[in-house]
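Engineer: Please see the structure below; I have some questions.
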Amino acid sequence: MTAPDYPETRQGDVSETFFGEEIADPYRWLEEDVRNREEVADWVERQNAVTDAYLDALPARDWFTQRIGELYDYERFSVPVERGGRYFYTGNSGLQNQSPLYVRDSLDAEPRLLIDPNEWADDGATALAGWVPSPDGSKLLYSVQDGGTDWRILRVMDVATGEQIGGEIRWAKFTSLSWVGNDGFLYSRFPEPEEGEDFQALNMDQAVYYHALGSDQAADKLVFSTPDHPERNHTAQTTSDGRWAIVTSSTGTDSRYEVNVIDLAAGWDTRVLVPGFENSWSLIDSVGSRLFFTTNQGAPLYRVVSIDMDAPEAGWTEVVAEREQPIADASLVGGHLVLEYLEDASSAAYVYSLDGELVREMDFAGIGSASGFYGDPDSPEMFYSFSSFNRPATIYRYDVVTGDSTVFAEAELTFDPDDFVVEQRFYESKDGTRVPMFIMRSAEVAASGEAVPTLLYGYGGFDVSLTPSFSTSRLAWVEAGGAFALANIRGGGEYGKAWHDAGRRANKQNVFDDFIAAGEFLISEGVTPEDGLAIQGGSNGGLLVGAVANQRPDLFAAGNAAVGVMDMLRFDQWTAGRYWVDDYGYPDREEDWRILRAYSPLHNIQPDTDYPALLVTTADTDDRVVPGHSFKYTAALQAEDLGERPQIIRIETRAGHGSGKPTDKAIAEASDIAAFLAYWTGLEPTE
């Protein structure tokens, strides 16, 4: 199978001059919302027709569809949240498009269905997003996500009756959900966008509001805003005892915050707790008048500090000093601090006293990722999950006082995790930096040492840490006889601030060098043959795939660039794109522009060069990385002579950046991608 006949794409005559260089933008018209321009909608339809026909003909597609579906079909649960003696959690029987929410009226009670989002839309694309019970467990505040958008609709339910309380809250986005007592809550919203601009307009003027149950949204109280600084974002979080609300403000994606505190028991007096935007500050919780935070102030790998709000003039007290590993998460449970650290990109957790004395290390089942650590400052009961590449999440109930741990929920699997080997290796990047990599193979392949088609995944940005996680499509790839590798390249948060800084703005090329070196390492170590390497990444990772395909088209056989940031000269023009200048730089500043120009996937395609087979994936309701990025990039690829391998695009409808995607769509997309990458790397399932 060679490249298909691509649909014709009209080239416009848009051109602009930046810092002395003229930049043609012939596909500028593809930036417009598919809902608002018939020409764009027609282009999407014609591209999907070509792509669907191509994917339908792939020999391994049926195998991957069946096997990924089988692997998806296991019962799974979220980490429970206890409020007022009730336990709330989501559960999925296996192939339900969305996970329903259940409640138990006591720990040992039978679960009761509270919300089934599968009843909300015929296509399964309306999802239950965030949710939080009221402090007494009598009510549930939850958010609804429709068609994959970042916009949220907020609703409140009476837990006993299942009836909705009051009306809906609209235009919430990038919001926390924080109860104030049991009769109202804090949330963040943006002004209602102009008609037709829901998925395109820049997000500005975010503000925090208070909503009293039973009132109209129009009557909501403005709690915090900065109209003189419309670029600032604000989220509010209340402490478990209901005494304090912490408003955290940011200007972009960097962990540099200004913090205000509201005394909810004293007339909602607001005062600055941490001025400026210099460091990360993250509320853990409170005990009486004492607030606990994690911060990287004076500690690039983070430490725990506290302040007594009865005597704030005394300043901050260090509770747990910085260690050699970064803090990834922190909770206050049963009068103890529970701190999760990343040790070479794998989870480790420790229990401390409130005075900072180490009590014990928690025991985990090897290399993996722990999350949750949900509990109450006044109760020793805590819940968390643990998973790895070859193990889906198991939910544990843990006593922070005794250290006793029991299984709360565990999946019944259709495979044996011990049939797979997960290992961690380290390799050298171009500049000699030591970079970690996880590799998963079947025990048989690992023992034989055979070089097999390998799927390499990366991200490398925004302080995001990639840790071992379970994926049915990755497991299916390995079951088919391949290997899966995850490279913890610079730009992430695996080793704290220095690791992040080494892969952003002027240092962004380090990210691409690390990923290229990962591919070279897999070949040189005999994990994969020279013609058997596929690459994959999403969002900032989609940018990664596009950039390295341009820089080393000879190294990779195939790639999947998912929902990627492909036009680095205009990314700040839409929705949340303006936030990303912290990682990428400012396109309107010459120094930053020249760096962006040097690696922008759209602007560095090499004509008359043999390229990897590329499957670009995006969705029409992605209002985080708008689909115009992928549309323009694909049109530019198809306009050049890039050899016999295809460069095609798969455009999902009623889907967004990834969250909320129904199970059937997730299986179909994963199967298409796996079959495409398998064909071009020579992976042939034999089972």
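The values are calculated or read from the model by the stated rules, or taken from the named source; none is laboratory data. Keep in mind the model is a prediction, meaning the values are calculated, not measured. In case anyone asks, the SASA skips ligands and DNA or RNA and just uses the protein heavy atoms, side chains included. Shrake-Rupley method; radii C 1.70, N 1.55, O 1.52, S 1.80 Å.
Engineer: Enter the mean projected area of the convex hull around the alpha-carbon atoms of segment 27-86, in nm², rounded to one decimal. Numbers along the way, then the final one.
Structural biologist: Details: hull surface 35.6 nm².
Computing the convex hull of the Cα atoms and averaging its projections yields 8.9 nm².
Engineer: In Å and on Cα atoms, what radius of gyration and Dmax does segment 47-122 show?
Structural biologist: 18.4, 55
Engineer: With only alpha-carbon pairs counted, each pair once and no self-pairs, how large is the Kirkwood hydrodynamic radius of segment 522-570 in angstroms? Please report the intermediate quantities before stating the final value.
Structural biologist: On the way: mean 1/r = 0.0886 Å⁻¹.
One decimal place: 11.3 Å for the Kirkwood radius.
Engineer: Here is a further query. Given a 1.4 angstrom probe, I'd like the percentage of the accessible area of segment 584-670 that is carbon and sulfur, rounded to a whole number.
Structural biologist: Numbers: 1150 of 2780 Å².
Here carbon and sulfur together make up 41 percent of the probe-accessible area.
Engineer: Next up: Any chance you could get the radius of gyration and Dmax over the Cα atoms of segment 93-228, in Å?
Structural biologist: Calculated on Cα positions, Rg and Dmax stand at 16.0, 52 Å.
Engineer: Beyond 26 Å, how much of the Cα-Cα pair distribution for segment 423-538 remains, as a whole percent? Don't jump to the answer; show the numbers that get you there.
Structural biologist: Details: 1133 of 6670 pairs.
Everything past 26 Å amounts to 17 percent.
Engineer: Just for the Cα atoms in segment 547-593, what are the lengths along the principal axes, largest first, rounded to whole Å?
Structural biologist: Projected onto its principal axes, the Cα set of segment 547-593 covers 34, 24, 14 Å.
Engineer: Now a separate question. If I fit a long axis through the Cα atoms of helix 590-599 and take the longest principal axis of the Cα atoms of the chain, what angle between them do I get, 0 to 90°, rounded to 10?
Structural biologist: 60
Engineer: From the gyration tensor of the Cα coordinates in segment 268-407, what semi-axes in whole Å does the equivalent ellipsoid have, largest first, with each one equal to sqrt(5λ)?
Structural biologist: Values: eigenvalues 153, 61, 32 Å².
So the three semi-axes of segment 268-407 are 28, 17, 13 Å.
Engineer: In nm², what is the average projected area of the convex hull enclosing the Cα atoms of segment 214-280?
Structural biologist: On the way: hull surface 23.3 nm².
Across all orientations, segment 214-280 yields a mean hull projection of 5.8 nm².
Engineer: Further question: Where both residues lie in the chain, what percent of DSSP beta bridges are antiparallel, nearest 5?
Structural biologist: Bridges in the chain that DSSP calls antiparallel: roughly 85 percent.
Engineer: Student exercise: in the chain, how many lysine pairs 8 or more apart or on different chains have Cα atoms under 25 Å apart?
Structural biologist: Qualifying lysine pairs in the chain: 11.
Engineer: Per residue, how big is the convex hull of segment 1-148 when only Cα atoms are used? Give it in Å³. Numbers along the way, then the final one.
Structural biologist: Numbers: hull volume 31.2 nm³, N = 148.
Convex hull volume per residue, Cα atoms: 211 Å³.
Engineer: Provide the convex hull volume over Cα atoms per residue for segment 510-606, in Å³. Please list the in-between numbers first.
Structural biologist: Values: hull volume 8.7 nm³, N = 97.
With only Cα atoms used, segment 510-606 gives 89 Å³ per residue.
Engineer: Kirkwood Rh over Cα pairs of segment 380-484 into Stokes-Einstein at 4 °C, 1.567 mPa s: D in µm²/s? Walk me through the intermediate numbers first.
Structural biologist: Values: Rh = 16.0 Å.
Answer from the Stokes-Einstein relation: 81 µm²/s.
Engineer: Find the all-direction average of the projected area of the Cα convex hull for the chain, expressing the result in square nanometres with one decimal place.
Structural biologist: With every direction weighted equally, the projected area is 28.8 nm².
Engineer: Using only the alpha-carbon atoms of segment 537-687, report the extent along each of the three principal axes, biggest first, to the nearest angstrom.
Structural biologist: For segment 537-687, the Cα spread along each principal axis is 54, 39, 23 Å.
Engineer: Got a sec? What order do M362, M1 fall in by accessible area at 1.4 Å, biggest, i.e. largest, first? Provide the component values of the computation, followed by the final result.
Structural biologist: Values: M362 5, M1 70 Å².
In descending accessible area the options line up as M1, M362.
Engineer: Tilt of helix 663-681 relative to the longest C-alpha principal axis of the chain, in degrees (0 to 90, nearest 10)?
Structural biologist: 40
Engineer: Now, a different point. For every helix of n ≥ 4 consecutive DSSP H residues, a contribution of -39,500 (n - 2.57) applies; sum these over the chain, divide by its total residues, and give [θ] at 222 nm rounded to the nearest 500 deg cm²/dmol. Could the numbers behind the result be given before it?
Structural biologist: On the way: 11 runs with 123 residues, N = 687.
Estimated from H runs of four or more residues: -5500 deg cm²/dmol.
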